[in-house]
Amino acid sequence: MTTEPQDIAPQDFAFTEIEALLPWYGAGTLRRRERQRVAAALRDDPALARRADLVREEHAETIRLNETLGAPSPRVAARLMAAIDTEMLAAQRAAAPGAVARWLTGAFASLSPRTLAVAASFATLAIALQAFMLLDVFTKPSGSVPSAGPGATRLHGTTAMVRFARQASAAEITNFLHTYQATLVDGPTPGGLYRVKLAMSSLAKEELGRVVQRMRQDRVVEFAEADE
Amino acid sequence: MRAFEPLFICRDKLCNPTLGAMQAPADETLIGQIARGDRLAMQVLFSRHHVRIYRFVLRVVRDEMAAEDVIGEVFLDVWRQASRFEGRSAVSTWLMAIARFKALSFLRKRRDDALDEQAAESIEEPSDDPELTVAKQDKGEKLRACLAGLSREHREIIDLVYYHEKSVEEVALIVGIPENTVKTRMFYARKKLGELCRMAGLDRGWP
């Protein structure tokens, strides 16, 4: 930690307000009033003007020194935009249930009591039918359960088909899914494809394209395509 | 010898010499767009500032990979916090303040933090030691070697004033110290620079 007096002028060499302002004067970052004060002092004091030349040297060499530092690699921008895309996806996912709830509330509010009663009856019937179908599936031998594949499961929201690299470990795949806030919903198909769900809502085509493009650059992924 | 004059008189946005008057959206406009989730505005802001922020961070952390990680975090914070920007300072000053906080957090996490914080004042890194490296160099190179040999705090303030062209008020905001302390610290940084130069055989006649 550098130790220095906070506001005290050192006694061993001259510290004046004007002297202290020289660096900002040289950089052109003083307010007009202060700038005029320094300019007047420089006109009247040749010794101060000589010291101001030292400021000019320091200024120039500081710029040169910083310019030699180069620039960050393009992967910084790529990583940043990937992180932003992930956050946008997560935000859309979080917003989706609220939107559905609002739509449902509005839809039910517009129905008359009689219509609601009829709709409730149909809903009860549909639930009973689903229960019967599930019972049928689970009581069949396991070999007869239809295998998953593209088109076998149609889902709401946005999905993509992905084939993971052979050398990808389970931890890497988990990390990949976490990065994209994705969940495995189907697969593998005979070709080793998995369907991953990216968002509860439908993403714009361009945005989905960007996400899939980024997935393709991930070393865990061998193949990725939007699930149209 | 030419008269000592400031490089830029006008720091108003409308006469920004690099941007022109009406061509590019102001940083404040971009921040507003980013707050509404505009990805393109984020790309523009990033491309406009990332090199300077990177150099500022690199001079603090002295590690290129770490500096890249830090600036990624800085701009991700901007994406998340854009709606909280109140416009009390220039956007570049706000970015610098975030970058400085992140860079210092990185240094604190690093195990050899103590060396960086405590010893930099008295122990120059081998590559920065002015006595070892500047014997046969010209005046400019000697001066740059001595600038690199300053402590982190002195490097920081000199960079902010000379390279990033920050006013006294802006440096105070970024570093989080009173304006008078900014002036004093800059003065001491320059004094230390003069001492390093003298050690390196470059007597500038001040202090």
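So the values come out like this:
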read-out: Radius of gyration and maximum dimension Dmax of the range B:42-111, Cα, Å; value: 11.7, 36
read-out: Under-5 Å amide H pairs with A:Ala199, H placed in peptide plane, nonlocal only; value: A:Thr158
read-out: Whole-Å distance, taken between Cα centres, linking the range A:157-228 and the range A:23-73; value: 55 Å
read-out: Stretch gain in nm, segment A:Glu57-A:Gln213, where the contour uses 0.36 nm per residue and the Cα spacing is subtracted; value: 51.2 nm
read-out: Label-point gap, in nm, between B:Arg84 and A:Thr174 - each point 7 angstrom along Cα→Cβ; value: 3.2 nm
read-out: Cut-off 11 Å between beta-carbons: net charge of the residues surrounding B:Ile174, Lys and Arg +1, Asp and Glu -1; value: -2
read-out: For A:Phe176, net neighbour charge (Lys/Arg +1, Asp/Glu -1) across residues whose Cβ lies under 13 Å away; value: +1
read-out: Orientation-averaged projected area, Cα convex hull of the range B:153-197 (nm²); value: 2.8 nm²
read-out: Relative exposure of B:Thr29, A:Thr183, judged by other C-beta atoms within 10 Å (fewest first); value: A:Thr183, B:Thr29
read-out: Which of A:Arg51, B:Arg59, A:Arg31 has the fewest Cβ neighbours within 10 Å, and the rest in rising order; value: A:Arg31, A:Arg51, B:Arg59
read-out: Fewest-first ranking of B:Lys109, B:Lys183, using other Cβ atoms within 10 Å as the exposure measure; value: B:Lys109, B:Lys183
read-out: Exercise: per-residue mean of other protein chain Cβ atoms within 10 Å, A:157-169; value: 0
read-out: Under 11 Å, Cβ to Cβ, from A:Ala71 - net charge with Lys/Arg +1 and Asp/Glu -1; value: -1
read-out: R0 of 30 Å, Cβ-Cβ distance B:Asp77-A:Glu206: FRET efficiency to nearest 0.05; value: 0.70
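Computed from the coordinates by the stated procedures, all read-outs in this text should not be read as laboratory data. Here the structure is a predicted model, which means the values were calculated and not measured. Note that each Cβ is placed from the backbone with ideal geometry, even for glycine, and that neighbours are counted across all protein chains shown.
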